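Step one of this worksheet: look at the structure below.
The values are calculated or read from the model by the stated rules, or taken from the named source; none is laboratory data. Quick caveat, the model's predicted, so the values are computed rather than measured. A quick note on method: Cβ atoms are made from the backbone with ideal geometry, for glycine too, and the neighbour counts reach across all protein chains shown.
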Ligand code: PLP
Ligand code: TYF
């Protein structure tokens, strides 16, 4: 039965973590996987999460099935976070939300749903993008195209190229857009550029799908939601996947959501009914614990404030590491201008390191980065940053 089964290639990110774990060097550094670590190098358990969880556990509730689309307190909290509590979308019944298994699950449920619309159109992802985007949409049966995104010279966005790509796509192409903190480059487009993207999506009948995995990691909840808010104002129908893996440090709980903005309350009812069929045939209904934590935090003013403070702490620590790395690289004698690291947003930076330089860092220093040169700035800390800066300076020399 399995004689002809080929060995699949390892996920490049998880494969790198395996190599890191096996490394015996005490001062090794993992800048590969996209996880936020504290200055002590630990995955944090947020105080807001701890408090919400204690209250949930103290109730010792039975674990019955929950609705196919997840609990209402969670879904409405997700909508408030994305669109703003005062958004007319909710009042007009123009948005539906379903709890999904992380951002990944939301993307997959959304992809399966769009496929069932039988539009016979491709999906387009940024070049480059998060590894899994292509796989998710291909698994759902899409042809996957790429749009121009990163400019290797400026280390920012090649927006003219992006516009040209978007304009070339056939009607009903699903365009996957990083709502903020682009993974892997850290380069985001501006508000004015978002407005242009929206005009193109409208003019060309493209289907916008915003992937929101890092809300709060660039500026704050409101500002990082700008793309979603602008699409909401545009009157278009669109999709948003949310992930709370990073912003609540709840990676393993698999907490995410898919939101779909429609044209009317009646459309929402029909869309939700079909979305529930997609979910029902995938995993029937979502898990309870992680979403219960997120809902209690977001729906309690005190816990919400505590969470936003903790999120700000994570964000500020990453910014301090960006600043520190730029300074320390210069101090180590690096001639190239690394100021772009401070301009990039979120957990990642496309450092511009070559495959060979990344290999040398791994071999000679036990510093692990992706072969594309992506480094997770959120894994730097006051104990490892000097070593990392010196090693990078050495491989650049
Ligand atoms: N989308 C992007 C851009 C990501 O970087 C990630 C990874 O963390 C996800 C989606 C998936 O997140 P989750 O772990 O919640 O599935
Ligand atoms: O890009 C990253 O490193 C994170 C973590 O299949 C991750 O998004 C990596 C691979 C994966 C899921 C999450």
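Things worth noting here:
- For region 362-397, the tally of residues that are within 16 Å of ligand 1 (Cβ to nearest atom) and not in a loop (DSSP other than H, G, I, E, B) stands at 6.
- The listed residue being more than 16 Å from ligand 2 (Cβ to nearest atom) and either assigned by TED's automatic domain parsing to the domain that holds residue 177 or under 22 Å from residue 129 (Cα atoms) (or both), out of 231, 217: 231
- Enumerated helices (runs of 4 or more DSSP H) restricted to region 37-140, each holding at least 2 residues that are within 16 Å of ligand 2 (Cβ to nearest atom): 102-115, 131-139
- Residue 69 modelled with pLDDT of 95 or more, more than 16 Å from ligand 1 (Cβ to nearest atom) and in contact with a strand residue (DSSP E or B) (Cβ under 6 Å, 6 or more places away or on another chain): yes
- Yes/no for residue 32 being assigned to a helix (DSSP H, G or I), within 16 Å of ligand 2 (Cβ to nearest atom) and closer than 30 Å to residue 355 by Cα: no
- Filter result (over 17 Å from residue 203 (Cβ atoms), in contact with a strand residue (DSSP E or B) (Cβ under 6 Å, 6 or more places away or on another chain), assigned to a strand (DSSP E or B) and within 16 Å of ligand 1 (Cβ to nearest atom)) within region 141-173: 144, 146
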